Every structure is written in structure tokens, then in C-alpha cells.
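The values are calculated or read from the model by the stated rules, or taken from the named source; none is laboratory data. The structure displayed is predicted, hence computed values, not measured ones. Only protein heavy atoms, including side chains, enter the accessible area calculation; ligands, DNA and RNA are left aside. Shrake-Rupley method; radii C 1.70, N 1.55, O 1.52, S 1.80 Å.
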Amino acid sequence: MSQIGRMNTLYVLREVDFGVYLDGEELGDILLPKREVPPGTQIDDPLEVFIYFDSSDTIIASTKKPKTQVNELAYLQVVDNNDMGSFLDWGLSKDLLVHFSEQKHQLLKNRHYAVHTYLYNVSQRIVASTKLDKFLLKDLPSYNPGEKVELFIVSLTDLGYKAIIENEYWGLLFKDEVFRPLEQGQRLEGYIKQVRPDGKIDLSLQEPGRKHYDAATQKI
């Protein structure tokens, strides 16, 4: 099943002067523009492409992999603002829109922000939001202490680094337990330190039971 906003493997149906048409299954035939057709492409060849809407709101394919896909988090730069909202650079010719209603606070041009990319239900257009909470799970986390997880660093607070765990829950890396600089938008492996009764999650960058090596003091 072909998915808008994701990388897909599609097969070449036919060639035209301005590119090739791919079998988009239930989405219909999808154009891959000539400038993006790999040299030597033949009918029935499989191609890895990203499916999205171009500036004329037509479904189109690209061999470029964007900086984010639907249901993913990313840290992207604002390249423009207008009366619709803010536009982010995600590596494609058509910028990614964050509607004003999906902005937790005003987005400033040239600044970077953590966003969640999703399909807008009404139009099926690919958009983004800085209101990250609405895309996270609300039930009590079932992680176990010591479990390895993927972290996405969102912000630095007085207590430490707020991170999103496996695209599912908020967690916190306490500042006095982080021994190397971290950056917003950084992805890294971490560990569950504990899940509190209220559902809040404490995180660690050190594997449980492993002592931290301090390179500056040469001490363990």
C-alpha cells in the first residue's frame, strides 16, 4: 500500500517526455519528474521514492529523501512566514507548512524548531506541528528500568534535557547526570532510569551498572 508522506518502492509504468509514471496503486499513476529519474531506468524497474504534493497540489514522487517523514520528529529551520503559517526547510522544493493553529508559540524566520510531521485528515496534505504533546501516548508507560530506548532531544530546562522516547513519551535527562553537551534535535540512545507513579520518566545516558568515565579527571 503506497503511503503519502513516506518513502515507497514503486514500479515504473511508462515513460513520457517529462519523466516517468509510477504505479501508485490506490493513489493512481504518480509522476516522477525527468530531472529525478535515475539514468538507465527501464519499464518495470522498482524505484525508492517519496510521495507528496507539489506546489499545484498534485501528487508527485521524488527520489530525494526529505529530512522528515509522516509520523516522525525533526528539528527544522523556518525559511518563511505568511498569512497561512510558517514554512520549514525539509529538503524538498515545496516547503513544509506549520499552520498558525499548530504553533505552540510564534515561529521566527531562520530559527530551528522541533516538529512532528503528520497528514492533515481533511486534505491529506503533509504538514507539521510544534504542539508535540498531542502526538504522544497518554497511557501509563510500560518501560522497564534499564531498557534501552531511542531519544530525541527537544529542549533544555532548569532540571535538564527534555527528550521524547521512541516517539511515544516525554522523559527527562537530569542536567547533573549528563556529562557531554547535547543539542536540540539530536537523536541518541539512552536508558530508562525509572518510571514514576505519575507516569513521568527519568532517563540516563549511561547503561545501568556501568560506571561513568570522566575523561577530564581520568577517574572512574
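Structure data summary
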{"read-out": "Share antiparallel - DSSP beta bridges, the chain, percent rounded to 5", "value": "95 percent"}
{"read-out": "Cα gyration tensor category, rounded, prolate or oblate, for region 50-95 with a/c compared to 1.5", "value": "oblate"}
{"read-out": "Cα-only Debye scattering, the chain: base-10 log of I(q)/I(0) at q = 0.18 Å⁻¹", "value": "-1.20"}
{"read-out": "Principal axis dimensions, largest first and in whole angstrom, of region 99-181 by Cα", "value": "42, 31, 16"}
{"read-out": "Where 41, 58 fall by accessible area, highest first, once all protein chains stay in place (1.4 Å)", "value": "58, 41"}
{"read-out": "Alpha-carbon spread of region 26-114, three principal axes, descending order, Å", "value": "48, 23, 21"}
{"read-out": "Per residue accessible area in Å² of the chain, where ligands, DNA and RNA are left out and the probe is 1.4 Å", "value": "58 Å²"}
{"read-out": "Euclidean distance of C-alpha centroids, region 113-179 and region 49-65, integer Å", "value": "27 Å"}
{"read-out": "With every protein chain in place, the chain: carbon and sulfur % of accessible area (1.4 Å)", "value": "49 percent"}
{"read-out": "Which listed pairs, of 67/175; 34/131; 64/134; 65/134, have C-alpha distances above 32 Å, in listed order", "value": "34/131"}
{"read-out": "Over 13 Å [Cα-Cα, region 103-149], rounded percent", "value": "70 percent"}
